[in-house]
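Below you will find the structure I want to go over with you.
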Amino acid sequence: MIMKQIHRTMLSEFLDSCNGRIFTITFLKKNGELRSMNCRIGVGSYRKTNGKVSYTHNPDNPYRTVFDMQKMAYRSANLNTAKFLASGKVVYKVVD
């Protein structure tokens with residue numbers, strides 16, 4: 001496994017570049033609990049809008065809507081409290 005660093009300001013752009021691939025994000029929840037989630041962006045099959053993905057990310061909002069692959073439901077990940085991000089065989093430590 002390869003360990004790299006990624007700046008917090010690049011997280012949203014990196015997630016967009018995953019193009020629907022599964023990634024793992026570790027972040028602090030509102031209650032202070034550490035959460036690690038296997039997820040994807042751009043999943044439309046579980047939406048009530050007949051599979052149409054109409055969500056666009058607002059760069060000023062630190063929460064990113066992702067599809068949790070274990071719970072098979074949409075969740076929010078806080079990019080401001082993200083600690084690690086893993087995609088493929090690379091683990092990224094989030095730095096400020």
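Is it the case, given these coordinates, that H57 is at negative phi and modelled with pLDDT under 90? Before the answer, list the steps.
Details: at negative phi: yes; modelled with pLDDT under 90: yes.
It is true that H57 is at negative phi and modelled with pLDDT under 90.
Condition first: part of a loop (DSSP other than H, G, I, E, B), open to solvent by less than 80 Å² (accessible area, probe 1.4 Å) and either at pLDDT 95 or above or not hydrophobic (A, V, I, L, M, F, W, C) (or both). Now tell me which residues in the stretch 1-48 satisfy that.
Here is the first cut: in the stretch 1-48, the ones part of a loop (DSSP other than H, G, I, E, B) are 1, 18-22, 29-33, 41-48.
Filter again for open to solvent by less than 80 Å² (accessible area, probe 1.4 Å), leaving 18, 20, 29, 32, 41-44, 47.
Selection gives G20, K29, G32, G42, G44, R47.
The values are calculated or read from the model by the stated rules, or taken from the named source; none is laboratory data. It should be emphasised that the depicted structure is a prediction, and the values quoted were computed from it without experimental measurement. Heavy atoms of the whole protein, side chains included, go into the accessibility calculation; ligands, DNA and RNA do not. Shrake-Rupley method; radii C 1.70, N 1.55, O 1.52, S 1.80 Å.
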